[in-house]
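The next block holds one structure in the form of structure tokens; read it before the comments.
The values are calculated or read from the model by the stated rules, or taken from the named source; none is laboratory data. All figures in this text were calculated on a predicted structure; none of them were measured in a lab. Cβ placement follows ideal geometry from the backbone for every residue including glycine, while neighbour counts extend to all protein chains displayed.
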Amino acid sequence: MPRERREELLSIAGEFDLLVIEDSPYRQLRYVGESQPTLRSLDREGRAIGLFTFSKILFPGLRLGWVVAEPAIISRLVVAKQPVDCCTSGLSQLLARVYIESGRLPRQVERTREVYAAKRAVLLEALEQCIDPAWGVRWTRPEGGLFLWVELPEWMDARELLDRALAQEQVAFVVGDAFHCDRSGRNTLRLNFSYPGEQQLRQAAARLARCIEPAVAAHRASGTAPAASEEPTPLLVSGEHSLMQLSWNLALSEIVE
Ligand SMILES: Cc1ncc(COP(=O)(O)O)c(C=O)c1O
């Protein structure tokens, strides 16, 4: 979100007396472009709350993040959190503290950026090689983070594609409608590039293309869009959760020692 929109957002929050949460798990993972100021740094009224996590820069199993906000908000958050989980694990906090105090974290973040930037480039190149522009598939070139967002042609259903991709090619992705509160976005999906190796990314792009191509050909031959089912497919929450888990971060063994 560019600076002007951030300022606009804060001014709207001021007008309606709202707090704004900026959830920033990927802020440290920028590969190109300029970092934008946090909402909290632009905020003059104590409305912005910044959320950050070690999940993407150290390892997800720590289950540890941090909040940057006005002290009065932090104390309310502490009270709200205590009945939910009886406090974050002391062991996790101690691990993070020892690691941070050792001075290794900046190098770890730098290394994470290098590894992910290279993987991002591999996946982008592989998709360009494997996917014919005439199929009408588009994807983002993200400036940071761990994912590409893919838009299939309007008529194509990402859940059907996932079934085919899993069954025929053993390749997985997260369906895009899981990210829409109204279950729209059925022709969208999210590809992760942080977990697979470079060779696997190339293979995955080729396999995905092998699943998309026949669907495009069949659609062209029939000249009609397949009827959309009336009932939305139920969300496979546990399955998606495990896919997301898989999509996270460097292997533990790769963390800077
Ligand atoms: C946008 C966003 N916010 C928050 C999180 C959660 O991070 P944590 O592992 O600290 O719960 C994620 C993790 O995938 C995320 O993508």
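Structure notes:
- From ALA13, ALA96, residue being within 13 Å of the ligand (Cβ to nearest atom), at pLDDT 95 or above and in a helix (DSSP H, G or I): ALA96
- Which listed residue, of ARG113, ARG107, ARG183, ARG97, is farther than 25 Å from LEU64 by Cα and of a type in the set (Lys, Arg): ARG183
- Residue that is nearest to ASP163 (Cα to Cα) [pool: residues in the range 179-221 that are among the basic types (Lys, Arg) and part of a loop (DSSP other than H, G, I, E, B)]: ARG186
- Residues of the range 51-68 satisfying the condition of being under 17 Å from the mean Cα position of the chain (by Cα) and closer than 10 Å to GLU22 by Cβ: LEU51, PHE52
- MET1 falls short on exactly one of the conditions (1) within 15 Å of the ligand (Cβ to nearest atom); (2) within 30 Å of LEU94 (Cβ to Cβ), and that condition is (2).
- The set of residues in the range 59-80 that are of a type in the set (Lys, Arg) and at pLDDT below 95 contains only ARG63.
- Of all the residues in the range 154-185, those that are aromatic (Phe, Trp, Tyr) and closer than 19 Å to ALA205 by Cβ number 1.
- Answer residue from the range 16-58, given it is of a type in the set (Asp, Glu) and crowded, with 16+ Cβ neighbours inside 10 Å and is farthest from the ligand (Cβ to nearest atom) among those: ASP43
- Going through (1) within 17 Å of LEU58 (Cα to Cα); (2) at pLDDT 95 or above one by one, SER89 falls short only on (2).
- For the range 153-170, filtering for residues that are free of Cβ contacts under 8 Å to residues at least 40 places away in the same chain and touching a Leu at 6+ places or on another chain (Cβ under 9 Å) leaves 2.
- Restricting attention to the range 59-93, the residues that are within 11 Å of the ligand (Cβ to nearest atom) and of a type in the set (D, E, K, R) total 1.
- Selection from the range 41-77 of residues that are assigned to a loop (DSSP other than H, G, I, E, B) and either in contact with a strand residue (DSSP E or B) (Cβ under 6 Å, 6 or more places away or on another chain) or touching a residue at least 40 places away in the same chain (Cβ under 8 Å) (or both): ARG47, PHE54, SER55, LYS56, ILE57, LEU58, PHE59, ALA69
- When GLU110, GLU128 are checked against the criterion of being over 18 Å from SER194 (Cα atoms), of a type in the set (Asp, Glu) and either without any contact (Cβ under 8 Å) to a residue 40 or more places away in the chain or not in a loop (DSSP other than H, G, I, E, B) (or both), GLU128 stands alone in meeting it.
Each row is one residue, and each column tells you yes or no for (1) modelled with pLDDT under 60; (2) aliphatic (A, V, I, L, M); (3) assigned by TED's automatic domain parsing to the domain that holds ARG159.
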residue	(1), (2), (3)
ASP177	no, no, yes
ARG183	no, no, yes
LEU189	no, yes, yes
GLN203	no, no, yes
ALA206	no, yes, yes
GLU213	no, no, yes
SER229	yes, no, yes
LEU235	yes, yes, yes
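- Flag if VAL115 is more than 16 Å from the ligand (Cβ to nearest atom) and of a type in the set (A, V, I, L, M, F, W, C): yes
- Scope the range 78-93; condition loosely packed, with under 13 Cβ neighbours inside 10 Å and in a helix (DSSP H, G or I); matching residues: VAL78, VAL79, ALA80, GLN82, PRO83, VAL84, ASP85, GLY90, LEU91
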